[in-house]
1. Assuming 0.36 nm per residue, please report the length gained on full extension of the stretch ASP32 to ASP48 beyond their Cα-Cα distance.
2. Calculate, in nm to one decimal, what ARG188 and GLU148 gain on full extension: separation in residues at 0.36 nm each, minus their alpha carbon distance.
3. Can you give the relative contact order of the chain as a percent, counting alpha carbon pairs under 8 Å and 6+ residues apart?
4. Angle between the Cα long axis of helix 80-93 and the longest principal axis of the chain, 0 to 90 degrees, nearest 10?
5. What is the angle, in °, between the Cα long axis of helix 112-125 and the longest principal axis of the Cα atoms in the chain? Nearest 10 is fine, range 0 to 90.
6. On a 0 to 90 degree scale, rounded to 10, what angle separates helix 177-191 from the longest Cα axis of the chain?
7. In vacuo Debye scattering of the chain, one point per C-alpha: log10 I(q)/I(0) at q = 0.11, 0.14, 0.15 Å⁻¹?
8. As a check on your grasp of the helix formula, calculate [θ] at 222 nm for the chain: sum -39500 (n - 2.57) over DSSP H runs of n ≥ 4, divide by the residue count, round to the nearest 500.
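Bear in mind that the values in this text are calculations on the coordinates, not laboratory data. This is a predicted model, so every value here is computed, not measured. Don't worry about glycine lacking a Cβ; one is built from the backbone with ideal geometry, like all the others, and counts go over all protein chains shown.
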Amino acid sequence: MDAQDARLVGALGAHNSSVRLKAALAAGTRGDAAFAEALVARCAVEPDFFVRDMLTWAITRLPAAVTVPMVCAEVRSDAAQARSQALHTLSKIGDRSAWPAIGVELLRDADDGVARAAWRAAVVLVPEEEKGALAVELGRQLGRGGREVRLSLSRALVALGDAVEPVLRAAAGHSEPAVRAHAEATERLLLDPDAGFAVDEARRVFALGPERAGE
């Protein structure tokens, strides 16, 4: 790496976010695999959303054979941001060789941001023959979290197409009202993608509380 490249890498950690943004843009425009390690490492600690998004874009411009192993290693990090951003980046790269890195522990991650990123990555990377198993795993989390978390899960389930139908049918008879309501809202979204996640139903669930939502 020459002096100019070294300065660019140094700029990825600059105090000013606009400098970091320009550095990420420049690295992506260059498309040089020599920047891969620095870009991936910066994703784990970058505080600015727009810079993180540019870092991910830059990584997608590099050879997947170089970046995918690095990004897959990040999903095992102890830091939630590193895991979530790595998963987001894998979903954007779209290389299905990364599928084995999306383990059950990520799909069930206690951090909602990580779990949501894992769901999005999973539906992009999952092999056709494993869609049914993924639908079952995601279905186990119906009723989790607030509206945004539930919407993310519903969108992931809907992205699996026909594979999700038996999961939703089973969940419709669940003992937990919140699970039933979430399954019903997801089914409506499956039938009508423009339904906007059945907003009225979601509001009703939270207004009534889980004990009365199934009435």
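1. 3.4 nm is the gain from fully extending ASP32 to ASP48.
2. 12.7 nm
3. Answer for the chain is 11 percent.
4. Its long axis makes an angle of about 90 degrees.
5. With both axes taken from Cα atoms, the answer is about 90 degrees.
6. With rounding to tens, the tilt is 70 degrees.
7. Calculated log10 I(q)/I(0) at the listed q: -0.59, -0.84, -0.92.
8. Per the formula, -19500 deg cm²/dmol.
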